[in-house]
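Undergrad: One structure is given below, represented as structure tokens, and several questions about it will come after.
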Amino acid sequence: MSQLRPFLLLLAAGLLAQLPARGTDRAEVPYPNGYRHWTFLHSSMVSSTFGPFKNKPCVNPCTAGIFYFYANERAMRGLRTGSYPEGAVLAEEMLEFIGTGGKEGERRIVGVMVKDSRRYAATGGWGYGNYDSGSRTNTLDAKAQDECYQCHLKRRDHGYVFSEYRER
Ligand code: HEC
């Protein structure tokens, strides 16, 4: 056994090194599967020159973009109480807005905020993700996520969330 011990220690160290470092591995934010079944919050328009269009410019007949915002059940609890439980997720999707008549076009991006206070401690307890349409891979590295956080900081008193829920 005494001869085996150094070997076991090495094996354990090797296995630990393969685990993602908790709290540092911030690019990993899960895609919001099924977000279209969540509570719809509101929509908002952006112009065709809006930043995320730059990769693939929004041109005629696409005159603008439209965002839709959704909240899962835990995020709804946060919107009602001001305190967001672990596992709360808010999702936004942006679609092209076609022509002056105003029809939805292609979906361009899905954006997300996922509450996990330990994992995303460096960005106020929320992980920020962005997915090109059809992809489940977060395009945001830690620096880009920090840029999201810097603006969402304005809403620190509201759990870093801009949206509000209005019953109608
Ligand atoms: C310059 C400020 C700013 C930056 C940078 C920013 N956001 Fe936001 N975000 C907002 C505002 C304002 C809203 C509310 C928009 C609305 O209601 O139309 C919002 C809403 C959201 C929402 C819906 C939840 C909420 O807070 O209302 C998500 C999800 C989101 N942003 C994700 C992101 C991600 C991901 C990034 C980084 C890629 C990001 N945001 C960068 C200002 C910002």
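Undergrad: For residues in the range 102-131 being of a type in the set (Gly, Ala, Ser), touching a residue at least 40 places away in the same chain (Cβ under 8 Å) and in contact with a Leu (Cβ under 8 Å, 6 or more places away or on another chain), which is surrounded by the most Cβ atoms within 10 Å (Cβ to Cβ)?
TA: Per the stated criteria, the residue is Gly129.
Undergrad: Does Ala64 fit the bill of being out of contact with any Cys (no Cβ under 8 Å at 6 or more places or on another chain), hydrophobic (A, V, I, L, M, F, W, C) and away from the ligand (no atom under 11 Å from the Cβ)?
TA: no
Undergrad: Regarding Ala122, is this residue touching a helix residue (DSSP H, G or I) at 6+ places or on another chain (Cβ under 8 Å) and more than 18 Å from Ser163 (Cβ to Cβ)?
TA: Judged against the criteria, Ala122 is a match.
Undergrad: Find the residue count for the range 82-101, including only residues that are modelled with pLDDT of 95 or more, among the hydroxyl-bearing types (Ser, Thr, Tyr) and surrounded by fewer than 21 Cβ atoms within 10 Å (Cβ to Cβ).
TA: 1
Undergrad: Quick check on my filter: what residues within the range 50-66 are assigned to a loop (DSSP other than H, G, I, E, B), among the polar types (S, T, N, Q) and over 22 Å from the mean Cα position of the chain (by Cα)?
TA: Residue satisfying the conditions is Asn60 alone.
Undergrad: Next question, about the same structure. Has the range 42-61 got any residue that is surrounded by 11 or more Cβ atoms within 10 Å (Cβ to Cβ), closer than 20 Å to Leu140 by Cβ and modelled with pLDDT of 95 or more?
TA: no
The values are calculated or read from the model by the stated rules, or taken from the named source; none is laboratory data. Note that the coordinates shown come from a computational prediction; the quantities given were computed from them, not determined experimentally. Cβ coordinates were reconstructed from backbone atoms using ideal geometry, including for glycine residues, and neighbour counts include every protein chain displayed.
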